[in-house]
Amino acid sequence: MIPHEVADRILAAVDARFDEQLARTAELVASPSLREGEEPAQDLIEQQMRDLGLEIDRWAIDTPELRAHPGFGKCTVDYRTMTNVVGTYSPARDGGRSLILNGHIDVVPEGPEAEWSRSPWDAEIRDGWMYGRGAGDMKAGLVSNLFAFDAIRRAGLELTGRVHLQSVVEEECTGNGSLAALLRGYTADAVIISEPEEDALVRANVGVLWFTARVSGDPTHPREMANGFNAIDAAYEVIGALRELEKRWNAEKGEHRYFEDLDHPINFNVGGIRGGDWPSSVPAWCELRVRVATYPGTTADDAWSEIVRCVEDASQRAEAGRSFEVRLTPDGFYAEGYVLEPGGEAEALLEQTHRAAFSRELTSFTTPGYLDGRVFVNYGGMPTLVYGPVSENIHGYDERVSIDSVRRCTKSMALFLASWCGVVEAE
């Protein structure tokens with residue numbers, strides 16, 4: 001790691017600009033960046049990158065190469081209007097290692113706003129926390145990337161390695177934003193993704209598949225229900241079959257390294273259900289929106305084949321005694337999990353910078369959630385450190401991120417930048 005005197009200058013630079021960092025984070029939280037509505041928030045990120053003197057690349061992610069890639073998640077929106085933003089620093093004296101600092105701009109829906117104790121978009125700071133949709137997942141981390149980079153310059157130093165700061169879309173539903181950045185040619189000797197990870201490092205995470213299951217019924221008047229077939233009732237049989245598959249996959253956790261000690265690593269979530277056209281008609285259709293997790297090492301194709309078989313079997317052995325038609329359509333994530341193998345140089349350095357910023361040892365864990373790290377590890381062969389601040393209620397009401405944790409993670413990442421890429425005194 002860099003000398004103590006240089007490290008102290010960088011840490012002081014983070015502290016000196018931390019109020020401004022919080023202000024920029026609050027501004028970003030106050031710009032709702034729901035799916036297909038990310039562009040105003042991306043405008044804010046682009047301007048911050050320009051203020052840092054970075055070379056800007058902003059492009060719509062819709063390309064034939066992306067759609068043809070095996071890691072592409074089927075999209076249901078218009079990618080011609082959705083952009084990634086990458087700011088690149090190219091050193092005058094290029095002698096250090098390169099780094100990608102990645103984060104996603106998109107957030108999940110806020111749900112019924114009346115259930116929040118405040119507006120999801122007001123970014124209130126209270127009792128050491130910043131509240132708001134996306135405050136934790138992951139706008140605090142995204143802005144931390146920018147201010148960690150800025151701290152180097154504010155400390156009177158210049159990096160000697162190339163840096164790409166990325167703000168991507170689609171992390172919450174397909175992972176296609178980071179995949180598009182990789183396919184555009186952005187690679188580096190290491191990657192940090194500043195997701196909210198409880199001041200810890202992610203060792204492994206699951207793959208994720210999204211799909212819609214549409215069950216067809218036979219509509220009749222309720223007075224003749226026995227002559228019809230209720231698609232909503234049949235949909236519950238599909239759910240039951242998927243629950244059995246989920247149970248079986250969880251029983252196999254001992255065969256998958258880093259997942260052995262998790263209580264329930266594989267989660268199938270029925271995230272939406274709608275069906276029927278009229279209260280007084282036996283419903284002719286029902287759709288389920290489903291998210292399924294898979295272990296690293298399981299291909300998306302293999303997992304999908306098993307899901308299809310599971311649902312087809314359920315449709316043929318229906319409790320009602322008659323088979324029914326069900327159609328499965330992928331409509332989002334088609335992503336495989338990954339493992340960060342221990343012992344790499346990047347992880348060893350993060351252990352040192354974390355210790356300097358937090359005065360304690362870095363821990364690692366396995367998460368049953370999706371992360372864009374799979375793009376860089378599985379398809380780019382790059383060591384990828386998913387590491388970021390403490391947060392609570394992400395994807396829930398009153399989402400919030402710890403202010404002290406954001407400060408310390410920013411310091412750790414700034415020290416990592418300087419040590420990994422190398423620094424010289426600014427001229």
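The values are calculated or read from the model by the stated rules, or taken from the named source; none is laboratory data. Just so it is clear, the structure is predicted and the values come from calculations on it, not from any experiment. Glycine also receives a Cβ, built like all others from the backbone with ideal geometry; neighbour counts cover every protein chain displayed. For the accessible areas, the whole protein counts, side chains as well, though only heavy atoms, and no ligand, DNA or RNA atoms are used. Shrake-Rupley method; radii C 1.70, N 1.55, O 1.52, S 1.80 Å.
Go ahead and run the numbers for FRET between Ser90 and Ala68, Cβ-Cβ distance against an R0 of 35 Å, rounding to 0.05.
About 0.70, to the nearest 0.05.
Strictly greater than 27 Å: what percent of every Cα pair in the stretch 143-287 meets that?
Of all Cα-Cα distances in the stretch 143-287, 53 percent exceed 27 Å.
Report in % the part of the accessible area of the stretch 76-126 that belongs to carbon and sulfur, leaving out ligands and nucleic acids; probe 1.4 Å.
For the stretch 76-126, the apolar C and S fraction of the accessible surface comes to 50 percent.
Over all directions, how big on average is the projection of the convex hull of the alpha-carbon atoms in the stretch 1-99, in square nanometres?
The orientation-averaged projected area of the Cα hull of the stretch 1-99 comes to 9.4 nm².
State the number of lysine pairs found in the chain whose Cα atoms come within less than 30 Å, restricting to pairs 8 or more positions apart or on distinct chains.
So the count works out to 4.
Using a Förster distance of 60 angstrom, determine the FRET efficiency expected from the C-beta separation of Asp15 and Tyr236, and round it to 0.05.
My answer for the efficiency is 0.60.
Per DSSP H run of at least 4 residues, take -39500 (n - 2.57); add these up for the chain, divide by its residues and hand me the 222 nm value, nearest 500 deg cm²/dmol.
Roughly -10500 deg cm²/dmol at 222 nm, from the helical runs in the chain.
How many nm is it between the label spots at Ala200 and Arg248, if each spot is 7 Å from the Cα in line with the beta carbon?
According to this spin-label approximation, the distance is 3.1 nm.
Can you give me the solvent accessible area of Glu306 with a 1.4 Å probe, rounded to the nearest 10 Å²?
Accessible surface of Glu306 is approximately 40 Å².
For the stretch 308-363, give the percent of accessible area contributed by carbon and sulfur heavy atoms, probe 1.4 Å, rounded to a whole number.
The C+S portion of the solvent-accessible surface of the stretch 308-363 is 42 percent.
How many angstrom separate the Cα center of the stretch 246-294 from the Cα center of the stretch 65-92?
Spelled out, the Cα-based centre of one part sits 28 Å from the other.
Mind sorting out which of (1) 25, 53, 21, 1; (2) 22, 50, 25, 4, 0; (3) 25, 53, 18, 3, 0 is the real P(r) over Cα pairs in 20 Å bins from 0, in percent computed from the coordinates?
Matching the structure shown: (3).
With every protein chain left in place, what is the accessible area per residue of the chain in square angstrom, probe 1.4 Å?
41
Assuming 0.36 nm per residue, please report the length gained on full extension of the stretch Thr81 to Thr363 beyond their Cα-Cα distance.
97.6 nm
Residues in the stretch 228-243, backbone N under 17 Å from the label point at Glu312 (7 Å along the Cα-to-beta-carbon vector): list them, ranges by number please.
Flagged as within label range: 238, 241-242.
Set the Förster radius R0 to 41 Å, insert the Cβ-Cβ distance between Ile56 and Asn269 as r into 1/(1 + (r/R0)^6), and round the FRET efficiency to 0.05.
Computed FRET efficiency for Ile56 and Asn269: 0.65.
Taking the Cα centre of the stretch 341-427 as origin and charging only Cβ (+1 Lys, Arg; -1 Asp, Glu), how large is the dipole, in debye to the nearest 20?
160
Give, rounded to the nearest 20 debye, the magnitude of the charge dipole that the chain has about its Cα centre when Lys and Arg contribute +1 at Cβ and Asp and Glu contribute -1 at Cβ.
Here the size comes out at about 260 debye.
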